[in-house]
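The values are calculated or read from the model by the stated rules, or taken from the named source; none is laboratory data. Bear in mind the structure is a predicted one, so any value in this text is a computation, not a measurement. Every residue, glycine as well, gets a Cβ built from its backbone with ideal geometry; the counts of neighbours run over all protein chains shown. The area values use the complete protein model at the heavy-atom level, side chains included, leaving out ligands, DNA and RNA. Shrake-Rupley method; radii C 1.70, N 1.55, O 1.52, S 1.80 Å.
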Amino acid sequence: MLDEENRKKLEALGNRHVMRKVHEAIGLCKPAKVMVVTDSDDEVARIRQLSMDMGEERPLAAKGHTVHYDGYFDQARDKANTRILIPAGKSISRYIKTADRKSGLKEVLGFLDGSMSGKEMYVRFFCLGPVNSRFSIPALQITDSLYVAHSEDILYRKGYEQFKRLNGSGSFFFFLHSAGKLENGVCAEIDKRRIYIDLETDSVYTVNNQYAGNSLGLKKLAMRLGIQKAAREGWMLEHMFIMAAHRPAGRKTYFTGAFPSACGKTSTAMIRGQTIVADDIAYLRPWSDGTLHAVNVEQGIFGIIENVNPHDDPVIHKALTTPRELILSNVLTVGGKAYWLGMGKPLPEHGINYSGEWHKGKRGPDGREIPPANKNARYTIRLQELDNVDDRAEDPSGVPIAGFIFGGRDSNTSVPVSQSLSWAHGVLLAASLESETTAATLGKVGELSHSPMANMDFLSIPLGMYIGNYLKIGKSVKKPPLIFSVNYFLKDEGGEFMNSKLDKKVWLLWMEGRAHGDFGAIETPVGYIPRLADLQGLFRQVFGRRYTRGEYERQFSIRLTRFAEKFARIEEIYAEEPGIPDEFRAELASQRERLQEARERFGKDEVSPSEFE
Ligand code: SPV
Ligand code: MN
């Protein structure tokens, strides 16, 4: 299947491990042809063109724009069928989905057997993290999906040259994907969708799917391999954006932030007037300057398009509505124009969407009414296309991180912004993150789910080891990042949000000021909270508006009973987990004691900030 020209491209890498992987994949998937991509402009352009010729993408009216559709039942990450393969008798955590390695491999390789017959196989080389850097991890992607091969070209750095630098070593990640049997361009055998992660060989096998969170090796699947590698080697792989906050005097302060999917992560990374390095995944390493340095694992954004409009997301909106290379997925299209939910104008009542020909009122095979565009419809774009990209986004040394921000969708407990009492307390807060589920994963939305560091979906090692690594790294650097919690979703008794979407800019600048010692804070049992006067100053500076004592009291009162209930739930989750560090258990116990003492001292459920002063 491998002709002379393509064989030569592989041989030029001088890597027998790559050779073996490709030959095994050909033997298993039995493609009609194989194309090895060495990252030349011609090859990359050919992939994109073929994706349109074969119908995986369709051109839109705007130059460079295409649309791709995933199947009706393949619109989000499939958590149920994503499993870590483990040898018989071993376990990781009861919160991590696993499958027996031997039977799991047999099953998924069985589904991959002959999966590319009559199709072309694409062999691509990428680099996770910037190329030629301490952070670089080479990744070999094999797929029969032109959409996968094309969107990874937008999202990741080209890696053929990085593979040469391996000097024959087998130290790279390997991803084998097949969309399987297609009908009308989408997966026909969704019941056989499997995403199996083999930690033993740093390989992932994924079949019968197209949605990027399921199909693209380098996105969420590489996180499972990387998290294991990071814990072994003493660095971190986090589900975090990276951004820089800019204060007037030319001060630039880098933050990372972890939020469960669809909880304000990209919008925080994109706060007006600031710059972005990464929107989803970061590698962090202790650096010689005594800080943690972070890089973007990716070079592009696979972002949620819902609510992208000129008012809420002007930078992204501009990028998505002007000529440049990008892919929209699962939006509504009519005559070459794309429409999505929350775009700020009325939507047509018929067109093409992820269900095929669509009209208002149409019901899906599951009997549900189909919205014009999926709530998890997305855009794929290079970060460099955005006006607010940070000038160090491609720095191979990464950027020094002053603060970690953790946030979730929490309607009734946490304050809008707070700082942990210490690194270990911050690790506790991050490991206690709870959030209501969203359309980014298949299944019910709006249910409270526990997601330590917003990374639970992607963990491949015991929670105890993951938390232990955090605690260790905090001690190993001279200037560990400050740890902050934010909550944009606090609601009042009437169910209305207590904050405007824009308020997050003030919380960010408060955190920035804390990192430089500009602001004091009030100590509460759950962390440091801002002083009224500092927030008033920031609201005035940023929005020219008066932030009242009433707003402050309502937003920043410490809900002692709610917090006590939260930490009781958290204690239950960690009680059964093996290998949780003693230091973490002690931190959890002191958190509960502090809340108990405050409840006794004040004799009420909720205490206003001034009472802690
Ligand atoms: C997420 O769900 O966290 C995403 C999109 O970033 S996906 O690629 O589906 O994981
Ligand atoms: Mn994500």
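Taking the Cα atoms only, what angle lies between the long axis of helix 101-112 and the longest principal axis of the chain, rounded to 10 degrees? Helix 101-112 sits at roughly 50 degrees to that axis.
Of the residues Arg16, Arg46, the one with the largest accessible area comes first in the ranking Arg16, Arg46, computed with a 1.4 Å probe on protein heavy atoms.
Expressed per residue, the C-alpha convex hull volume of region 28-112 stands at 180 Å³. Rolling a 1.4 Å probe over the protein heavy atoms gives the chain an accessible area of 38 Å² per residue. All distinct Cα pairs of the chain go into the 1/r average, and the inverse of that average, the Kirkwood radius, is 25.1 Å.
Rounded to the nearest Å, what's the spacing between the alpha carbon centres of region 104-170 and region 450-488? Just the number, please. The two parts, judged by their Cα centres, are 28 Å apart. Sequence-ordered 3J(HN,Hα) estimates for region 429-445 from the Karplus curve with 6.51, -1.76 and 1.60 and θ = phi - 60° stand at 4, 5, 6, 9, 4, 10, 7, 7, 5, 10, 6, 6, 10, 5, x, 5, 9 Hz, glycine and proline given as x. Using the Cβ-Cβ distance between Ile573 and Asn184 with R0 set to 35 Å, the FRET efficiency from 1/(1 + (r/R0)^6) comes to roughly 0.25. Ordering His246, Asn307, Val331 by Cα displacement along the dipole of the chain toward the positive end leaves His246 in first place; charges were set at the Cβ atoms of Lys, Arg (+1) and Asp, Glu (-1). With 27 Å as the limit on Cα-Cα distance, the pairs of Lys219/Lys318; Lys97/Lys475; Lys219/Lys566; Lys360/Lys505; Lys90/Lys472; Lys362/Lys491 that go past it are Lys97/Lys475; Lys219/Lys566; Lys360/Lys505; Lys362/Lys491.
Remark on Met240: its backbone amide H falls under 5 Å from those of Ile281, Ala282, a criterion applied only to residues 5 or more positions apart or on other chains, H modelled at 1.01 Å from N. Between the amide H of Met343 and those of Asn307, distances stay under 5 Å, these residues lying 5 or more places away or on another chain, with hydrogens modeled in the peptide plane. On the basis of the beta-carbon distance and an R0 of 51 Å, Ser500 and Glu24 show a calculated FRET efficiency of 0.40.
The value for region 484-565 of Rg(Cα) / (2.2 N^0.38 Å) is 1.09.
Our note on the geometry: Cα centres of region 345-390 and region 526-557, 38 Å apart. Could you pull out the pairs from Lys444/Lys504; Lys79/Lys444; Lys252/Lys479; Lys30/Lys106; Lys79/Lys181 whose alpha carbons sit more than 19 Å apart here? Pairs exceeding the cut-off: Lys444/Lys504; Lys79/Lys181.
Coupling constants for region 18-29 follow from the phi torsions by the Karplus curve (6.51 cos²θ - 1.76 cosθ + 1.60, θ = phi - 60°), and in residue order they are 4, 3, 5, 4, 5, 5, 5, 5, 5, x, 7, 7 Hz; glycine and proline get x.
The largest accessible area among Lys479, Lys505, Lys97 belongs to the first residue in Lys479, Lys97, Lys505, and the rest follow in falling order (1.4 Å probe, all chains). If you average 1/r over all unlike Cα pairs in region 302-385 and invert the result, what Kirkwood radius do you get in angstrom? Final number for the Kirkwood radius of region 302-385 is 13.3 Å. Spin-label pair Thr561-Lys472: with each label point 7 Å from Cα along the Cα-Cβ axis, the two points sit 4.3 nm from one another. Dipole of region 488-562 computed with +1 at Lys/Arg Cβ and -1 at Asp/Glu Cβ about the Cα centre; of Phe539, Phe556, Ile529, farthest Cα towards the positive end is Phe539. On the basis of the beta-carbon distance and an R0 of 22 Å, Arg368 and Leu448 show a calculated FRET efficiency of 0.40.
Within the accessible surface of the chain, defined with a 1.4 Å probe on protein heavy atoms only, the carbon and sulfur portion equals 49 percent.
Couplings 3J(HN,Hα) for region 392-407, derived from phi with the Karplus relation 6.51 cos²θ - 1.76 cosθ + 1.60 (θ = phi - 60°), are 9, 4, 9, 5, x, 8, x, 10, x, 9, 8, x, 9, 10, 10, x Hz, where x marks Gly and Pro. Proximity of backbone amide H atoms, modeled 1.01 Å from N, is registered between Phe489 and Asp410 at under 5 Å, excluding neighbours fewer than 5 places apart on the same chain.
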